[in-house]
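*Asks:* My questions all concern the structure below.
The values are calculated or read from the model by the stated rules, or taken from the named source; none is laboratory data. For clarity, every value in this text was computed on a predicted model and none was experimentally measured. Positions of Cβ are generated from backbone atoms using ideal geometry, with glycine treated the same way; all protein chains shown enter the neighbour counts. Remember, those area values only see protein heavy atoms, side chains included, never the ligands or the DNA or RNA. Shrake-Rupley method; radii C 1.70, N 1.55, O 1.52, S 1.80 Å.
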Amino acid sequence: MASSVRLTRPLGTRRLMAREQLMERLMAARHQRCVVVLGQAGCGKTSTLLAWRQALLRADVDVAWLSLAPEHDPLPGFLRDLLASLAQVDPAMVREATLLTEGAQADAEIENGIIALVRGIAARPRELVLMLDDLQHLRDPRIFRVVQWLLDDAPPHFHLALSSRSALPLSFERMRSRQRVTELDMRDLRFSAQETERYLRQQLGNIDADDARALHELTDGWVAGLQLFALDLRAQAPGGAGRYAPVRVRDAQAFASYFEREVLVRLAPAELEMLTRASICARFSVSLCAALLDDAPSLPRVRASLERLEAENFFIGQIGSGEREPWYRLHPLLREALLARVQAWPIEEQRALHAAACRWFGARGDVEGSVLHAVRAGDMAQAIALVAASAHDLLSSGELLQLAQLLRHVPAEAIVQHFDLHLAQAYLGMYARDFEACEASLRQMEARIDCLDARQRYDLLLLRCALAVQQDRIDTVLRHREALRGIPPDATDLAWTSRANLLARTYVHEGAHEAAREVLAGAQHRSGAQLSGLVGRCMLAVSLGRQGRFSEAEQLAREVLRSAEQRGAAFGGVACMATAVLADVLYEIGEVEAAQAMLEPRMAAIERLALPGFVLHALSTLSHCHRLAGREDDALAAIERLEAYAQRFGFDRVLAQALGLRLRHLLLRSQMDEALTILRRLEGLAKSHSGDRSAARQIKDGLQRACTEMALDGRDHAAAVLLLEARAASGREPAGRAFAALQCQWALACFEMGKLEAARAHLLEGVRIGHAFGLVRTVLDVSPAMAQLLRRLLPREDLEPLLAFHVDRLLATADRSSARPGAGAAAVAVPRAPLASLASLSEREYEVLSLLAQAMPNKKIARVLDVSLDTVKFHLKNIYTKLGVSARDEAVARLREAETRAPTPQG
């Protein structure tokens, strides 16, 4: 048996604490697919997993353990010991997988081995947890592919627990969205104050509660730090150093008196001077203390003094490390006592002290600290220079709040006279949706354009185009596109990424997705603008979604969302945009509940932070989700919210879309008179936008679509056909969603006119486009009768396999929608019994069943899906189990039954 399978740390060398709350959380997570524990060395990752392992074994749960090391890289060593660790639980479980993976190198061979392992795990009814410790040692990407397969394909009673010092190259996004993963980090692993005291009592036998609390604050509950302190205290004699005279302290004044009487008198004069000067800073280091003393040769003495004071618990503690040295912090009330001493100094001495701090922070790039101390030193010119030097970086990183705070220190007249500060102020106005203030600043700067250099002029162009995007005026960006291409050679990373995002937006608008991806790719290596770079990745997800590459778009949008959320409020806007993109993709592929769950808790933030186009898609998608669930009032509320948003900011293109949604909502509720009123509003909006500008064309196209809806609903099918012909001939209906919907509308009109061949041709074209672009809801949402029309005009036997597969997908989605609790009257009523079992199939299992229904043999199914033959067999076994059948003919019969029991239209 490989040695790595054994526990590498005997339990006797580390006391495993019964941490009740953490153990309760882990035991509650035992039924989830995965638990991930991330943290630095010494934080208790391994001891936490070992304690959980003991608790699971007591609960009669099987646990396999593998401590990883560099020798498990590459893949063969990992597979060998992985199977060996599982064999300790049940050798039969891994027997077939061991045979298949022995000496395997090709991906197909590895996949077959993992499928065999999954089959072996599925054959055991007992719950099983596999714990993989110290994954940071592994580098071979094939290893993580194996782990990902286990996460994705293993049966429900199999669970993974993973620990690492670094982030794992695994996809947890889908599990996170379904709350099937628990993730722990340093915050979860730290001891609470009570746990610290209990731990110290276990280690020392007895300890004063105040001492335990002080140790907890010094270590921040870090278990390795507590262990070191416990060792040190055990080595001290009873009543040793660190004891002070007992005193009753009930308020800050008494505490300050205590420091003066009992603490500060213990300090040497040089140490008291050092701490007094350091008290002007919330935190300080050795070199900062030396700089405040204006005595560079004192570094060794300062370091020794701080280390001794910390070792003696002299109300000073280390709070973290900088790049080169540790940081210290005074007890808050000790600091107040020392600051009172500083405030008694002459004003010039106080300013000189703050000037020294300003120079120190400035030399290390800490703009917040340097500006703060420059202001306190009375040097406004230096403060202005510091803010101006940092404004660009703060804009690049999205730290708008910090930038606004810094600008408040600068007089308004100084901002107007300084280009970089004026530009920063204009951007702040734009992001705050104070478009008038931004426009005013732009005009002031443009009035002095002859005095600006090429880089500054280009920065103004970027701001002008960015403001246009915020105001939903794509025409302005199109008009400046040629100028945007001519970026100066000394442009910043922010300028390059902003340029790429603006150009990509114009290309996506025109359907030139390859050009959009090319320009975005050209700026991805620009690391100096992380926020703008994430916006670019979000635009890339939009482009992928427009091309029907929904799997890629979903993955990228989830990655952007996760990255933005990890970086905090500064990236809130891009997080909102990624949410809108992700929800749009989920809705289109039929994941209606997931799309709604994604949007509803974030809708207020999306409306406040996202660009107009993303708000439009988010509220439209939310309205569609409510409608499909039969919540008509909620669907209308989302439309009204979109309409109010568009009117508030003057976004006429968005308003036209909102009015089109409202008109369709009214038609579905048979409210023709109200719909006519909305149509008149659309006509008035279109008349107010003359010319051939992009926004005007989009509004007029929206009016044409609304007229088509009205004609179809009023059964004036000849008029509808004329409108559809005109729209198709105009060439303005973009390829993809809009044109697929147009063809389906055309099919409906022809069908109602009795022109079945024409109807079939148009419907076939719509389905063909839908298949090419992966469209599901776009096709089904054309009319409540789409499912019946598909069954009537496009029987499976008349279609080529790929189109038949897509029609099956459309019908299955329509069936699930009609079976959804609370579905509205527009949904088709379908018997629930066969659908219940079909709905239990995973997406891949349904694909296999659909291909099976086309009389494809297993080998051909494997080729179509690009998987191994064993993988197909594995999915077939799951299909038979879920459908309650024993053969492929019975499974196909269940699928046919679900389809044939649905009513068909009368023609």
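*Asks:* For the pair Gln21 and Leu339, what calculated FRET efficiency results from E = 1/(1 + (r/R0)^6), where r is the Cβ-Cβ distance and R0 = 51 Å, to the nearest 0.05?
*Replies:* 0.85
*Asks:* Quick check: residue separation of Arg608 and Gln405 times 0.36 nm, minus the Cα distance between them. What number comes out in nm?
*Replies:* 71.0 nm
*Asks:* Cross-link candidates for Lys873: which lysines have Cα within less than 24 Å, leaving aside residues fewer than 8 places away along the same chain?
*Replies:* Straight-line reach from Lys873, under 24 Å: Lys859, Lys860, Lys882.
*Asks:* Plugging the Kirkwood radius over Cα pairs into Stokes-Einstein for the range 635-787, at a temperature of 37 °C and a viscosity of 0.692 mPa s, what D comes out in µm²/s?
*Replies:* Answer from the Stokes-Einstein relation: 206 µm²/s.
*Asks:* Full-extension gain between Glu890 and Arg174, please, as 0.36 nm times their residue separation minus the C-alpha to C-alpha distance.
*Replies:* Full extension from Glu890 to Arg174 adds 254.6 nm.
*Asks:* Suppose R0 equals 56 Å; then what is the FRET efficiency for Arg201 and Asp490 from their Cβ-Cβ distance, rounded to the nearest 0.05?
*Replies:* So the FRET efficiency works out to roughly 0.30.
*Asks:* Related question: Which loop-located trypsin sites (Lys or Arg not before Pro) does the range 151-196 contain, where loop means any DSSP state but H, G, I, E or B and the Cβ has at most 16 other Cβ atoms within 10 Å?
*Replies:* For trypsin sites (Lys or Arg not before Pro) across the range 151-196 that sit outside H, G, I, E and B with at most 16 neighbouring Cβ atoms in 10 Å, the list reads Arg165, Arg178.
*Asks:* So, one more: Out of all Cα-Cα pairs in the range 124-218, roughly what percent, to the nearest whole number, are more than 14 Å apart?
*Replies:* That fraction is 75 percent.
*Asks:* What list of ³J(HN,Hα) values in whole Hz, one per residue of the range 749-761 in order, does the Karplus curve 6.51 cos²θ - 1.76 cosθ + 1.60 (θ = phi - 60°) give from phi, with Gly and Pro shown as x?
*Replies:* Taking θ as phi minus 60°, the curve returns 4, 5, 4, 5, 8, x, 8, 5, 5, 5, 4, 5, 5 Hz for the range 749-761.
*Asks:* Would you mind checking which residues have amide H under 5 Å from Trp65's amide H? H placed 1.01 Å from N; only 5 or more apart, or other chain.
*Replies:* It is Met131, by chain and number.
*Asks:* Also: Within the range 441-520, which trypsin sites (Lys or Arg not before Pro) sit in a loop by DSSP and count at most 15 neighbouring Cβ atoms inside 10 Å?
*Replies:* In loop regions of the range 441-520 (DSSP not H, G, I, E or B), the sparsely surrounded trypsin sites (Lys or Arg not before Pro) are Arg448.
*Asks:* Shape call for the range 604-674 from the C-alpha gyration tensor, a ≥ b ≥ c root eigenvalues: rounded (a/c under 1.5), prolate (a/b greater than b/c) or oblate?
*Replies:* Note, shape of the range 604-674 comes out oblate.
*Asks:* Could you compute Rg(Cα) / (2.2 N^0.38 Å) for the range 675-754, with N its residue count?
*Replies:* Against the compact-globule rule of thumb, the ratio is 1.10.
*Asks:* Through the Karplus equation 6.51 cos²θ - 1.76 cosθ + 1.60, θ set to phi - 60°, convert the phi angles of the range 482-490 into ³J(HN,Hα) values in whole Hz; use x for Gly and Pro.
*Replies:* Once θ is set to phi - 60°, the couplings for the range 482-490 become 4, 5, 4, 5, x, 6, x, x, 9 Hz.
*Asks:* Right, next: Taking Lys687 as the anchor, which lysines have their alpha carbon closer than 23 Å to its alpha carbon, excluding any fewer than eight residues away along the same chain?
*Replies:* Lys700
*Asks:* Which whole-number percentage describes the relative contact order of the range 425-560, with Cα contacts under 8 Å and a sequence gap of 6 or more?
*Replies:* It rounds to 16 percent for the range 425-560.
*Asks:* Follow-up. If amide hydrogens are placed 1.01 Å from N in the peptide plane, which non-local residues have theirs closer than 5 Å to the one on Val35?
*Replies:* Result for Val35 returns Leu160, Ala161, Leu162, Thr182.
*Asks:* Here's another thing I want to ask about it. Given R₀ = 41 Å, what would the calculated FRET efficiency be for Arg479 paired with Met672, taking r from the Cβ atoms and rounding to 0.05?
*Replies:* 0.50
*Asks:* Take the solvent-accessible surface of the protein heavy atoms, probe 1.4 Å, and return the percent of it on the range 548-618 that carbon and sulfur atoms account for.
*Replies:* Roughly 51 percent, rounded to a whole number.
*Asks:* Also: When a/c reaches 1.5 or more, the comparison of a/b and b/c decides; with that in mind, is the range 481-539 rounded, prolate or oblate per its Cα gyration tensor?
*Replies:* oblate
*Asks:* Another question about this same structure. Give me the percent of accessible area attributable to carbon and sulfur for the range 319-420, probe 1.4 angstrom.
*Replies:* Here carbon and sulfur together make up 52 percent of the probe-accessible area.
*Asks:* I would also like to ask the following. Just to be sure I understand the model, the point goes 7 Å from the Cα along the line to the Cβ. What's the resulting Ala123 to His157 distance in nm?
*Replies:* Each label point lies 7 Å from its Cα, and together they span 1.4 nm.
*Asks:* Right, here's the next one. Quick check: convex hull of the Cα atoms in the range 431-475, volume per residue, rounded to a whole Å³?
*Replies:* Looking at the range 431-475, the number lands at 72 Å³ per residue.
*Asks:* Shifting gears a bit: Relative contact order for the range 614-735 using alpha-carbon pairs under 8 Å, separation at least 6, rounded to a whole percent?
*Replies:* 17 percent
*Asks:* Looking at the range 128-168 from every direction and averaging, what is the projected area of its Cα convex hull in nm²?
*Replies:* 2.8 nm²
*Asks:* With every protein chain kept in place and ligands, DNA and RNA left out, what is the accessible area per residue of the range 344-474? Probe 1.4 Å, answer in Å².
*Replies:* Each residue of the range 344-474 exposes 47 Å² on average to a 1.4 Å probe.
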